[in-house]
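Structure first, then comments.
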Amino acid sequence: MTRQIPIAVIGMACRAPGVDSLTDLWDMLLNREQRFVDVSADRWYGLDADVAPTPRAGLMDDVDRFDARSFGISSRMAVWMDPQHRMLLELAWHALENAGLRADDLAREPVGVFVGAFISEYRDRMIALSRTDSAAFPGTLMTFLANRISHQFDWTGPSMVIDSACSSSLAALHLAAQGLASGEFPMAVVAAANVTAGGFYANTAARGGALSPSGDSVPFSAGRDGYIRGEGGACVVLKTLEAAMRDGDPVHAIVAASGVAHNGRGGGLTATDRDSIAELMRRTAAGAGLSVSDIGFLEAHGTATPSGDAQEVAALAQSLSHLGVPRPASGPAGQVWIGSIKSNVGHLEAASGLMGVVKAVLTVQKGVIAGVAGLTTPDPSLPTGDAPVRIATDNVSWESPASPRRAAVSSFGLGGTLSHVVIEQARLPRRPADTTGRPWIVPLGGPSEELLVTGAVRLLRELELSPELSMADIALTMQGRVARPSRRILVARTVGELAEQLRTLATAGHAAQRWADSTTAAALTDAEREACARWLAGEPVDWAALWEPAVHAGRAHLPGTPFDRRSYWFDDLFRQ
């Protein structure tokens, strides 16, 4: 099999219940939190009472909120726009910021946009309530999930929505990776979102036995009785690894290989089978020049359906047994560990695979496998055989082995389309640390004073979790961001000094001085002080002109600027 070209993940963003950043997501995973609530009577309009008397789901409490003004979108358009469209715009912006890129610098570039999706329950809700508006035409058609992103950022590459049900977002990633490898476009954005707002899908899925009637089903548990729906989304920015290294992009991890297949008649019209999954796992690993035993962690489809979980575990065991006599795998204790983010936030349906990719990337980065939330003892009847397969019930430390840490992500569509991705830890050369002790200018901005402080808290948390960050990289990245109305200047020589200033800002809020440290700021040159003053006054500044040629810095993965979100929900137009 021809080896696939490695693809770099250079930017990521995510949303889920209580999650607005990668740090939020990682905290939730490590704490093994379950974000499920009772579904209110009007949330899934049209839900039949006999289907689920008290349904539970992973619901976002701010799913109606959107920063329309940042994107130049009118209130009327925002109201009639599917919240999935809104979420994807914000996710794309945050993923670009996470990659250290400015949207304006990419205008008219052939960036590809690939979105996984298959239902619009906001549109279903409009139909059920007999409410509509001409703005709902671009606001709810599925093609605009991708096309609106391309339009918003003025990108000219391919722009398309892929629908293979719950495997849609991984299938979208596979197509993006193929296009990058062939040179069709230089960069790709892959995204997916899921918002639950109507009763039709829940009615039909519950009657078909897919949804959990108990509302507390846990993947791989003996009492699993179906999946719990969830809301959220994810976005990744991709380049070939070669191009990312050439362009100085920060790299989260590497997509070593990806694959898509269909089970034919193997699992019936609405299910899958062990043999088809196992074959795809073997083929995808081979595309990276690996065997399945080179994988240390599987982010499973793991929907908590009785047969689905069992088929997936059996497929992993079979793919390992295909090697002959079972041998140790590459995960901790020689095992392939299995987890599922659906235990935390529910099944994000079309977005589930991409959310799993974000989790897998963080897993190989951080070296910890998060335990399945809510699971204490796996179902002993799961068909692991004598294969080195184990369900992660607790967090498992994954020390850095001689070879890179590797994880796989599986996602299976209702109609039989299977998708699988192998994620590899990025082990790239690091630049020499700056030892000059010079002061670094870190501009902070936000839509408001309150949100500026929110951004400061997020940046502080990132510094605490990523001690390897350098002041030069942080300064370069923050100086490259789009300026916001509320502004502060931090000047620090070390990451520890910057963290202390962020703590002060977080405590003092709007009362904090605009120059966070006058002693360090006094060491700036006259030109630097003048540039800071102009920036604080709202003027544009060419920060790059202040950098000395001998200083080497790169862009860093930092959290996105908080959005100033407001509520937009078409029901509110008709309430008296």
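The values are calculated or read from the model by the stated rules, or taken from the named source; none is laboratory data. The shown structure was predicted, so the numbers you read here are calculated from the model rather than taken from an experiment. Ideal geometry is used to build each Cβ from the backbone, glycine not excepted, and the neighbour counts take in all protein chains shown. Just the protein is used for accessible areas: all its heavy atoms, side chains included, with ligands, DNA and RNA removed. Shrake-Rupley method; radii C 1.70, N 1.55, O 1.52, S 1.80 Å.
List of remarks:
- For S448, residues with placed amide H under 5 Å, excluding near neighbours: S486
- Rotationally averaged projected area of segment 446-576 (alpha carbon convex hull; nm²): 10.4
- Per-residue extension of 0.36 nm, minus the Cα-Cα distance of E450 and D526, leaves a gain of 24.3 nm for this segment.
- Rg/Rh for segment 227-347 stands at 1.00; both radii use Cα atoms, and Rh follows the Kirkwood definition.
- 17 Å Cα-Cα reach of K239 towards aspartates and glutamates, excluding residues that sit fewer than 8 places from it in its own chain: E97, D105, E109, E184, D247, D249, E424
- Cα-centre dipole for the chain with unit charges at Cβ (Lys and Arg positive, Asp and Glu negative), debye to 20: 420
- Contact order for the chain, expressed relative to its length and based on alpha carbon pairs under 8 Å spaced 6+ residues apart, stands at 19 percent.
- The alpha-carbon atoms of segment 424-484, seen along their principal axes, cover 38, 32, 20 angstrom, with the largest extent given first.
- Net length gained if the chain between R102 and A545 were fully extended (0.36 nm per residue, minus Cα distance): 157.7 nm
- Förster radius 30 Å - calculated FRET efficiency between D62 and S130, Cβ distance, rounded to 0.05: 0.65
- Protein-only accessible surface at a 1.4 angstrom probe places the residues W547, W155 in the order W547, W155, largest first.
- Dipole magnitude of segment 65-137, debye to nearest 20 (Cβ charges: Lys/Arg +1, Asp/Glu -1, about Cα centre): 280
- Its residues counted as N, segment 330-443 yields a C-alpha radius of gyration over 2.2 N^0.38 Å of 1.35.
- Counting only alpha carbon atoms, the long axis of helix 352-366 and the longest principal axis of the chain meet at about 60°.
- Based on the reciprocal of the average 1/r between different C-alpha atoms, the Kirkwood radius for the chain equals 24.3 Å.
- When nucleic acids and ligands are ignored and a 1.4 Å probe is applied, K366 ends up with an accessible area of around 70 Å².
- Approximate spin-label separation T204-L536, in nm, with each point projected 7 Å along Cα-to-Cβ: 5.9
- Alpha-carbon Debye profile of segment 74-186, log10 I(q)/I(0) at 0.18 Å⁻¹: -0.96
- Simple rule: put +1 on each Lys or Arg Cβ and -1 on each Asp or Glu Cβ in segment 444-492, find the dipole, and look at S486, M471, A456; the Cα lying farthest toward the positive end is S486.
- Per-residue HN-Hα couplings for segment 452-459 [Karplus 6.51, -1.76, 1.60; θ = phi - 60°; Hz; x = Gly/Pro]: 4, 5, 4, x, 5, 5, 5, 5
- Check: segment 118-187 dipole with +1 on Lys, Arg Cβ and -1 on Asp, Glu Cβ, in debye: 160
- The three principal axes of the Cα atoms in segment 291-378 give end-to-end lengths of 37, 32, 27 Å, sorted in falling order.
- Remark: accessible surface ordering of F200, F66, F144 (largest first) is F200, F144, F66, probe radius 1.4 Å.
- Value of [θ]222 nm, deg cm²/dmol, for the chain, DSSP H segments ≥ 4, -39500 (n - 2.57) each, nearest 500: -9500 deg cm²/dmol
- To the nearest 10, the accessible area of D48 is 50 Å² with a 1.4 Å probe.
- Just the protein heavy atoms count here, and of the accessible area of segment 306-381 at 1.4 Å, carbon and sulfur take up 57 percent.
- Annotation: extensible slack from L428 through T376 equals 15.0 nm (criterion: 0.36 nm per residue apart, minus Cα-Cα distance).
- As a size descriptor, the averaged projected area of the C-alpha convex hull of segment 1-117 was calculated at 12.0 nm².
- Reducing segment 174-215 and segment 75-150 to their Cα centroids gives an inter-centroid distance of 14 Å.
- Of the residues F574, F36, the one with the largest accessible area comes first in the ranking F574, F36, computed with a 1.4 Å probe on protein heavy atoms.
- Rounded to 10°, Cα long-axis angle of helix 83-98 versus longest principal axis of the chain: 50
- Surface accessible to a 1.4 Å probe, C235 within the full protein complex, Å²: 0
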